[in-house]
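Every number in this text was worked out from the coordinates using simple rules, so none of it is lab data. Keep in mind that what you see is a predicted model, and the values were worked out from it rather than measured. A quick note on method: Cβ atoms are made from the backbone with ideal geometry, for glycine too, and the neighbour counts reach across all protein chains shown.
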Amino acid sequence: MSGFSSTSTAEEVTQGIHGTGLTAIVTGTTHGIGTETARVLALRGVHVIMAVRNTIAAKTVQETILEEIPTAKVDFMELDLSSMASVRKFASEFQSSGLPLNILINNAGILATPFTLSKDNIELQFATNYLGHFLLTNLLLDIMKKSASASKQEGRIINVTSGGHRYTYSEGIIFDKINDESSYENWRAYGQSKLANILHANELAMRLKEDGVNITANSLHPGAIITNIYKPEISGSVPTELMNKFGKMVMKNIQQLLQISS
């Protein structure tokens, strides 16, 4: 037994871990889970690159982390995961930086939004939560392989997913109806995107292992976390099955969330 529980904080779990010399990209770091992930990684000596849509908000987060941890190495780069052009631009700019990449945390996401198409004419939740992260991971994979080989340390790819993947029920991902507004259900669309995150991690983990690459790929459900991703005025009511499940659970705060570095 690890000795940790659902109430353990990321800071507690990573106590004694030293990440000096490692570089991590964390998407969606301007609030909630992403902010705490960036803070704790920086606390452990990791050079954190915050991949964000809102660079003004990222600057505030960066300053807050540096106030607490003056020696922290925290930078931010603009990334809109709903735009494949933005993802490609981000990956190109990171490659040009010459930095290694040891940890990739695909955290950013949107929840149960009304039907909207992305700039690439793809349903917005599927584009943001899954496709953007899939492309980002694929574009950065060679750098991660080289970094793992050079550092002799295992690389980590983590897809933050959700128990909401069950909202697809028995139908799974209905690819030919992803952009079908007439059959769109916001929570089911969210579930499809989260199921895709899981399938991505599973397939990637298998391929990395077969190729003998020293990188792990995992997906995780952080639990019911009190963050601002859920906006009732946008997402509407929570599905009954979710309320039945989480109504019996204690909601965790942001600090009680991940064991990403253990």
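List every residue whose amide H lies under 5 Å from the amide H of residue 219, counting only residues 5 or more places away in sequence or on a different chain, with H placed 1.01 Å from N in the peptide plane.
159
Residue 85 to residue 31: extension gain in nm, 0.36 nm per residue of separation minus the Cα-Cα distance?
The span from residue 85 to residue 31 would gain 17.1 nm if fully extended.
Using alpha carbon centroids, what distance separates the range 1-55 and the range 121-182, in Å?
About 20 Å separates the Cα centre of the range 1-55 from the one of the range 121-182.
For the range 1-144, what proportion of DSSP beta bridges, expressed in % and rounded to the nearest 5, is antiparallel?
5
For the range 17-246, taking Cα atoms only, what is the radius of gyration to one decimal and the Dmax to the nearest whole Å?
Values for the range 17-246 (Cα only, Rg and Dmax): 17.5, 52 Å.
Provide the per-residue ³J(HN,Hα) series for the range 98-106, in order, calculated from phi with Karplus coefficients 6.51, -1.76, 1.60 and θ = phi - 60°, each as a whole number of Hz, with x at glycine and proline positions.
Taking θ as phi minus 60°, the curve returns x, 6, x, 9, 9, 9, 10, 10, 8 Hz for the range 98-106.
Long-range amide H contacts for residue 76: which residues qualify at under 5 Å (H placed 1.01 Å from N, peptide plane, sequence gap of 5 or more or a different chain)?
Distant-sequence amide H within range of residue 76: 50.
Can you compute 3J(HN,Hα) from phi for each residue in the range 47-59, using the Karplus curve 6.51 cos²θ - 1.76 cosθ + 1.60 with θ = phi - 60°, rounded to whole Hz and x for Gly and Pro?
Each residue's phi maps through the Karplus curve to give 7, 9, 9, 7, 9, 9, 7, 9, 6, 5, 5, 5, 4 Hz.
Dipole size in debye (nearest 20) for the range 17-246 around its Cα centre, Lys and Arg Cβ +1, Asp and Glu Cβ -1?
It works out to roughly 520 debye.
Mind ordering 211-220, 194-203 by average Cβ neighbours within 10 Å, highest first?
194-203, 211-220
Say R0 is 35 Å: what FRET efficiency, to the nearest 0.05, do residue 93 and residue 181 get from their beta-carbon distance? All intermediate terms of the calculation are to be shown ahead of the outcome.
Values: r = 34 Å, r/R0 = 0.98.
With R0 = 35 Å, the Cβ-Cβ based efficiency is 0.55.
Using amide H atoms built in the peptide plane, which far-off residues or other-chain residues are under 5 Å from residue 19 H to H?
Sorted by chain and number, the residues that satisfy this are 45, 46.
Taking the DSSP beta bridges in the range 17-246 as the whole, what percent of them are antiparallel, to the nearest 5?
Percent antiparallel among DSSP bridges in the range 17-246 is about 5.
Using only the Cα atoms, work out Rg/Rh for the range 85-175, with Rh taken as the Kirkwood radius, to two decimals.
Ratio value, two decimals: 1.04.
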